[in-house]
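Colleague: Questions regarding the structure given below will be posed in turn.
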Amino acid sequence: MLALTPPGDKPSDSTVWIDLLKPTDAERQAVEQHCGCKLPTLADLSEIERSSQLIAGDKLLQVACPAVADADTDHPSLSHIGMILTPKVLVTVRFAELKGFTAAAEQVHASEKTSAVEIFTLLLEAFVDRHADLLERLREHLDELSHAVFRASPSERGTVARSNERLRAMLRRLGSVGERLSLIRDSMLGVGRIAAFAPDAAKGWMKPAWADRIRAVGLDIDSLNQFEEHLSNKVQFLLDAIVGFIGIEQNDIFKVLTVFSIVGIFPTLVAGWYGMNFHNMPEYGWAYGYQFGITAIVLSTIIPLVWFKWRGWW
């Protein structure tokens, strides 16, 4: 018989999975009395030492790993979970709603699993499936960003201000993808440690079939790690590309400013000459001296512009 115990219920001898979500002191005490072991606190689960996350006892495994919570929102985070496995009961302690647990619970109810080890295995497999879904979603985001960066038409870029704002928006999206990849990497590292540790630590009382399935989880994690590394490299590549485009935009602005600042030197020089008002300047006595000065200023402006345009400098 399978009994999936939600917080607030009292476990019985037939209970094989006790799932504690943000447990109260009373719930923790009831489960500790039933299982005869101390449940980890949030501080215990947050420790990063391998010796604190992977503990083996006499027919008992106590493992911990982080999981990605709120992955479907704009503010994902890591939420630590702990699992205590014995031949008869699995106790899970978590502090956030996790879709991996929901998916595992649905499989348990649908197939009426009766083994704590089997449910433990299903949880690890559900974590792998969840991580794979998250990575596939991030790959789609990166593909969209890649197309926006490298396939944008000149008409879409618009003015310099709009182009810069567009690149800034891409940087923000890319930063969000990078942050999610970092969270997934931390979670997969924890699950991979559990998959490598559990079969050997529970060799005396875990059936070989379940040990093989858990080792298969470790192989899946290795594959996902390689895919995550590929996505991380793509994030870095797109980051370099976007920063490069921003640098090109800035260089274009400085180039235009430099061209016009140089162009302004010659008409300023001509106007300065004729602004000295010396009596011996012959142009002051000319009938068309004013028109000559204006023409000289206009030509000294147009000729450098034509020269720069012909050279392709702007």
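Colleague: According to a simple spin-label model (label point 7 Å from Cα along Cα-to-Cβ), what is the distance in nm between LEU42 and LEU219?
Modeller: Each label point lies 7 Å from its Cα, and together they span 3.9 nm.
Colleague: Then there's this: Can you sort GLU125, GLU140, GLU47, GLU228 by solvent-accessible area, 1.4 Å probe, largest first?
Modeller: The ordering from most to least exposed comes out as GLU140, GLU47, GLU125, GLU228.
Colleague: Using a 7 Å offset from the Cα along the Cα-to-Cβ direction at both GLU32 and ASP200, what is the distance between the two label points in nm, to one decimal?
Modeller: Once both label points are built, they end up 3.2 nm from each other.
Colleague: Out of residues 5 or more away from CYS65 or on other chains, whose amide H comes under 5 Å of its own, with H placed 1.01 Å from N in the peptide plane?
Modeller: Residues meeting the amide H criterion: ILE81.
Colleague: Which percent, nearest 5, of DSSP beta bridges in the chain are antiparallel?
Modeller: Values: 18 of 25 bridges.
Restricted to the chain, the bridges split so that about 70 percent are antiparallel.
Colleague: Okay, moving on. If you take all C-alpha pairs in region 229-297, what percent of them are over 15 Å apart? Please list the in-between numbers first.
Modeller: Working: 1659 of 2346 pairs.
Here the long-distance tail beyond 15 Å is 71 percent of all Cα pairs in region 229-297.
Colleague: Turning to a different aspect of this structure: Hey, can you find the accessible area per residue of region 187-280 for me, probe 1.4 Å, expressed in square angstrom?
Modeller: With the other protein chains kept in place, region 187-280 gives 59 Å² per residue.
Colleague: Next question, about the same structure. Mind grabbing the accessible area of ARG311 for me, 1.4 Å probe, Å², rounded to tens?
Modeller: ARG311 has an accessible surface of roughly 120 Å² with all protein chains in place.
Colleague: Sort HIS279, HIS147 by accessible area with a 1.4 Å probe, largest first.
Modeller: Values: HIS279 190, HIS147 90 Å².
Final ranking, largest accessible area leading: HIS279, HIS147.
Colleague: Quick check: at a probe of 1.4 Å, how many percent of the accessible area of the chain sits on carbon and sulfur atoms?
Modeller: Details: 10300 of 17780 Å².
Carbon and sulfur: 58 percent of the exposed surface of the chain.
Colleague: If you don't mind, there's one more thing I want to ask. Hey, of (1) 1.38; (2) 0.95; (3) 1.02, which did the structure itself give for Rg/Rh (Cα atoms, Kirkwood Rh) when calculated?
Modeller: The listed entry that was calculated here is (1).
Colleague: Mind checking the per residue accessible area of region 6-127 for me, 1.4 Å probe, whole number of Å²?
Modeller: On the way: 5810 Å² over 122 residues.
Ligands and nucleic acids excluded, the result is 48 Å² per residue.
Colleague: Shifting gears a bit: Can you sort TYR284, TYR290, TYR274 by solvent-accessible area, 1.4 Å probe, largest first?
Modeller: Heavy-atom accessible area, descending, gives TYR290, TYR284, TYR274.
Colleague: Given a Förster radius of 25 Å and the C-beta distance between PHE266 and ASN164 as r, what FRET efficiency does 1/(1 + (r/R0)^6) yield to the nearest 0.05?
Modeller: 0.20
Colleague: Just how much of THR102 is accessible, in Å², when a 1.4 Å probe is used and the result is rounded to the nearest 10?
Modeller: 70 Å²
The values are calculated or read from the model by the stated rules, or taken from the named source; none is laboratory data. In this text the structure is predicted, and so the values were computed from the model without any measurement. Every residue, glycine as well, gets a Cβ built from its backbone with ideal geometry; the counts of neighbours run over all protein chains shown. Ligands, DNA and RNA are excluded from the accessible area calculation, which covers all protein heavy atoms including side chains. Shrake-Rupley method; radii C 1.70, N 1.55, O 1.52, S 1.80 Å.
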